[in-house]
Amino acid sequence: MTLDMVTPDEALGIVLAHAPRLGAETVPLAEAVGGVLAEAVAADIDLPPFDKSAMDGYAVRRQDVARVPADLAMIEELPAGAAPTRDLAPGACAKIMTGAPVPPGADVVIRVEDTEALPDGRVRILRAGVRPNICLRGEDVRRGATVLEPGRVVGPAEIGVLASVGRERVAIGRRPRVAVLATGDELVPPGAIPGPGEIRDSNSFSLMAACRRAGVPADLLGVARDNKADLRAKIGEGLRRDVLLVSGGISMGQWDLVPEVLEELGVAVRFAKVNMKPGKPTMFATHGERLVFGLPGNPVSTLVAFRLFVWPALRKMMGHPQPAPPPIDAVLADKASVPGDRLSYVPADLQHQGDRWQARAIETRGSADLVGFCRANALLVLDPGNYTPGTRVKAVPLEL
């Protein structure tokens with residue numbers, strides 16, 4: 001058990017060491033988006049499955065258009081989805097649409113722009129390029145070839161590939177079940193008008209959104225009041241999930257009761273503080289193979305801690321081969337200043353300029369300034385000190 005303050009790197013190492021891979025589950029294709037493939041996927045047919053036209057035009061025999069203009073007899077029209085009914089004899093052509101099967105005997109498709117319809121029903125070929133404009137059967141993928149490897153995150157393109165090779169269901173790493181719990185007598189729902197000393201609960205909803213953006217659904221457990229009975233009941237409910245995210249109630253105040261309740265419920269605390277700003281009072285604990293994150297109450301601190309520690313844990317649990325990608329090398333566009341004595345994660349605007357990444361620190365009013373934080377798409381990893389433009393820095397992207 002590590003209860004002393006740890007560095008961010010040490011904290012991440014502890015989290016990943018305790019985060020289990022959850023095995024695989026087979027889901028319908030439409031539900032696989034955001035998941036991580038747990039199997040290799042092979043093509044069940046050739047792609048394309050037949051020789052098809054790459055454009056609208058006329059399928060012809062190359063020798064018939066060796067000299068142009070050439071007048072050919074049109075014998076058939078082939079829209080997409082229609083199969084040819086005749087072989088292409090010498091001197092003949094077939095009108096063909098993009099994606100339609102090329103008739104036997106044809107070895108080139110002439111663009112419709114390079115043709116002219118004649119009054120007698122024939123087609124005059126005006127120009128014949130060197131490209132065949134035909135996609136050959138199996139030129140993309142041969143039947144039996146692997147099209148997707150295990151460990152790939154399933155996005156829109158991967159869904160299209162899976163559909164094209166006939167997969168209605170696919171095995172992905174099981175998504176962890178996550179519960180989100182906010183704590184504090186001062187919290188009211190977003191639809192309520194805060195009274196004296198009250199604030200609206202934003203952390204529950206930002207954490208839920210962060211989980212969903214990571215491809216993991218999250219259940220909201222509501223708000224636990226600052227008494228042990230309510231905390232015990234709601235934390236106990238959260239411990240039935242794979243991951244419990246608790247926001248607030250983990251510092252050193254009189255009403256910060258979460259650590260005490262966790263101990264009573266048999267939860268093993270692995271670290272209680274991280275030497276960073278914002279997010280120092282970030283806690284991590286385990287209950288068997290279940291993970292518990294105690295996140296700071298300030299909304300920016302909560303999201304920073306989620307990005308640095310929770311997001312990599314979720315990725316590992318789903319089977320991602322690289323749970324915690326390394327920071328991006330960037331250069332500062334403007335000067336920056338970091339006060340204090342802790343490693344800071346500074347909100348920044350990160351843009352790709354030419355052959356390098358360029359970062360600009362964003363000024364905010366601190367770890368409660370969620371509005372200012374919305375302007376950031378990255379975090380600069382900076383030790384205390386003053387920085388001049390052009391300084392090389394590390395940047396952690398926020399847009400996952």
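The values are calculated or read from the model by the stated rules, or taken from the named source; none is laboratory data. Note that the coordinates shown come from a computational prediction; the quantities given were computed from them, not determined experimentally. Cβ coordinates were reconstructed from backbone atoms using ideal geometry, including for glycine residues, and neighbour counts include every protein chain displayed.
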Of the residues in the range 55-76, those that are under 51 Å from the mean Cα position of the chain (by Cα) and surrounded by 15 or more Cβ atoms within 10 Å (Cβ to Cβ) number 11
Collect the residues in the range 351-373 that are in contact (Cβ under 8 Å) with a residue 12 or more places away in the chain, over 17 Å from residue 335 (Cβ atoms) and out of contact with any helix residue (DSSP H, G or I) (no Cβ under 6 Å at 6 or more places or on another chain), keeping them in residue-number order. 356, 357, 366, 368, 369, 372
Output the residue which, of all residues in the range 114-131 that are at pLDDT 95 or above and buried (at least 18 other Cβ atoms within 10 Å of the Cβ), is nearest to residue 164 (Cα to Cα). 115
Only one of 177, 212, 225 that is without any contact (Cβ under 8 Å) to a residue 40 or more places away in the chain, on the phi < 0 side of the Ramachandran plot and out of contact with any helix residue (DSSP H, G or I) (no Cβ under 7 Å at 6 or more places or on another chain): 212
Residue in the range 260-269 that is surrounded by 18 or more Cβ atoms within 10 Å (Cβ to Cβ) and either within 28 Å of residue 394 (Cα to Cα) or charged (D, E, K, R) (or both) present: no
Complete set of residues in the range 317-329 that are in contact (Cβ under 8 Å) with a residue 12 or more places away in the chain and either part of a loop (DSSP other than H, G, I, E, B) or surrounded by fewer than 24 Cβ atoms within 10 Å (Cβ to Cβ) (or both): 319, 320, 321, 323, 324, 327, 328, 329
Condition first: modelled with pLDDT of 95 or more, out of contact with any strand residue (DSSP E or B) (no Cβ under 8 Å at 6 or more places or on another chain) and surrounded by fewer than 18 Cβ atoms within 10 Å (Cβ to Cβ). Can you find one or more residues in the range 212-222 that meet it? no
